[in-house]
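Below you'll find the structure, written out as C-alpha cells, and then a few comments.
The values are calculated or read from the model by the stated rules, or taken from the named source; none is laboratory data. Just so we're clear, the structure is a prediction, and the values are computed from it rather than from any experiment. FYI the Cβ positions are ideal-geometry reconstructions off the backbone, even for glycines, and counts take in every protein chain you see. Heads up: the accessible areas ignore ligands, DNA and RNA and are worked out on the full protein's heavy atoms, side chains in. Shrake-Rupley method; radii C 1.70, N 1.55, O 1.52, S 1.80 Å.
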Amino acid sequence: MNPELTSPSSSSDRRISVLARHLVGVEMDPQNDSISAFPTSGSDSNSVFSHVVRGPEDPILGVTVAYNKDPSPVKLNLGVGAYRTEEGKPLVLNVVRKAEQLLVNDRSRVKEYLPITGLAEFNKLSAKLMFGANCPAIQENRVTTVQCLSGTGSLRVGAEFLAKHHHQRTIYIPQPTWGNHPKIFTLAGLSVKTYRYYDPATRGLNFQGLVEDLNSAPSGAIVLLHACAHNPTGVDPTFQQWEQIRKLMRSKGLMPFFDSAYQGFASGSLDADAQPVRMFVADGGELLLAQSYAKNMGLYGERIGALSIVCKTADVAGRVESQLKLVIRPMYSNPPIHGASIVAAILKDRDLYNEWTIELKAMADRIISMRQKLFEALHARGTPGDWSHIVKQIGMFTFTGLNTKQVAFMTKEYHIYMTSDG
C-alpha cells in the first residue's frame, strides 16, 4: 500500500478538494486537481425551471408589500390581519411574556419532538376552552383534538381528512370569505361551492339567501362556518339565526366545519364567542373545528392552533384520531413545541388565565370603541351615506362599502392601504 494514500495530509487534502467542489460550484480535474468553473450563462434558458411564470401577489399580503415600498411618513396599513397598538406597533401580551419567562426558567424542559398529535395538555385545554368545561362530548371522550399549524394548518388537516373519509366531498363556503379558504379546500381535494352570506345593499347578513342555499345543498355536504367575527365582513348571525342554521343543517345531514380564529377577540367574552359552536355540540351531532391562537393571544408567528373533531362515540373518535395521524405524519411530521407550551401555561394557571381574559377584553373593547369613533367622525363630517354598519359589524375587519376606485384614491392621495374590495 502506498503510504502517501493513507497519510493524514493526503486524506486532509482530499477532503478539502471535495469541499471546494461543493462550495465553489467547480469541477475538479482528477489528473491534476486543477479547478475549472462549471459553464454558466447570463440567460435562464439552461434552467429546467425557465418555463415557470411569476406567481401573483397574495391579495392581502400584497397590500403590505405595497405599503412597505411607500416612503411616506404618514402611511397607514389597514390590510394587515393583526392587532396594532395606538402607535401602529405589534403587541405582545404581558401574560405571554410571563408564560415565556416561566418556560425559560424551567430547566427540566427539553426540545424533544412532540407526538404526531402535538402537546397533549394543550389539546385537552383547547377543547375545554371552546366546548366548555362541562361539555358532555369531552366527558364521554367523543372529541379528538390534534395540535396543528395555526388556523390554516388546522383547516388543511381537517380538509385532507374529509377528502379521504367523508362520503360527500363538496364544501360550501360563505360568499365572501377569507381568501385562503378556497385554496386550502381545493388543494386538499374537496370541491368548493359558495352560499350567499353578505348583502352589499344592507352591508349586513343575507340570511334568506344563506338559508335557501344551504337548503338546496346536497345531503351530507360540508359547510364552512365562521364561529364569530366573520372574516372579512365582520357580519355575524344573531343567536336566533344560529339556532335556525343549526336546525336546518342537522335536518339535512350537513357537516359543520367551524373556523374559529377570534374566540374572545370579537365580543371580549370567550364564552359568548364560543356559543354558536357549543349550540352544535349540545345537540349530540358531529362537527369539525379549526382553532387559532394567533389573534386572541397575539401568537401570530408561533403558528399555534388545533383541529377538533366531535364524534358520535369514543370508539369512533379514537379511530378518527388514528387517521388524522396518517394525514399529519407525511405533511409536517409533528408540530412545534414552543407556542403550544405558552398556551398551555396560560390556560392551566388560574392567575395567568384571568390576566389573559383581562388583556383580551381590553383589545376587543378597543376595537369596538374605534368602530364607534370612526362612525362618529364620519357622521360629524356629514359624510354621505349610512355608516351604521361600521358599529353593527364585529371583530377586527369591516366591509367599509368603499369601491375599488375609492380605495385607489385613498391610497394615492392619503397613503392609506387596504384591500381593493374595501
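Here is how the numbers come out for the structure above:
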item	result
Unsatisfied cross-links (Cα-Cα over 26 Å) in the set K128/K312; K193/K247; K193/K373; K69/K405	K193/K373
Under 13 Å from the Cα of K325 - aspartates and glutamates, other chains or at least 8 residues apart	E160
Modelled label reach - H338, point 7 Å along Cα→Cβ, segment 73-117 residues with backbone N closer than 16 Å	92-93, 96-106, 109-114
Pair R329, L378: separation of 7 Å Cα→Cβ label points (nm)	5.3 nm
Per residue accessible area in Å² of the chain, where ligands, DNA and RNA are left out and the probe is 1.4 Å	54 Å²
Cα→Cβ-extended label distance, 7 Å offset, between K412 and N141, nm	6.5 nm
Gain on full stretching of the segment that runs from R109 to D349 - 0.36 nm per residue minus C-alpha separation	84.6 nm
Taking all pairs of distinct alpha-carbon atoms in segment 91-224, Kirkwood radius in angstrom	18.2 Å
Partner aspartates and glutamates for K361 [C-alpha distance under 14 Å; skip if fewer than 8 residues away on the same chain]	D271, D273
Gain upon complete extension [N46, I60; 0.36 nm per residue less C-alpha separation]	1.6 nm
Neighbour-limited loop hits for trypsin sites (Lys or Arg not before Pro), segment 52-150 (at most 15 other Cβ within 10 Å; DSSP other than H, G, I, E, B)	R54, R107, R109, K111
Exposed-site-free run, longest, the chain (rule: chymotrypsin sites (Phe, Trp or Tyr not before Pro); DSSP loop; at most 12 other C-beta within 10 Å)	114-422
Of the DSSP H helices in the chain, those whose Cα atoms cover at least 27 Å axially and whose Kyte score averages -0.5 or more	350-380
Options [x] 22.3, 73; [y] 26.3, 97; [z] 24.1, 89 - which one matches Rg and Dmax of the Cα atoms in Å as calculated here	[y]
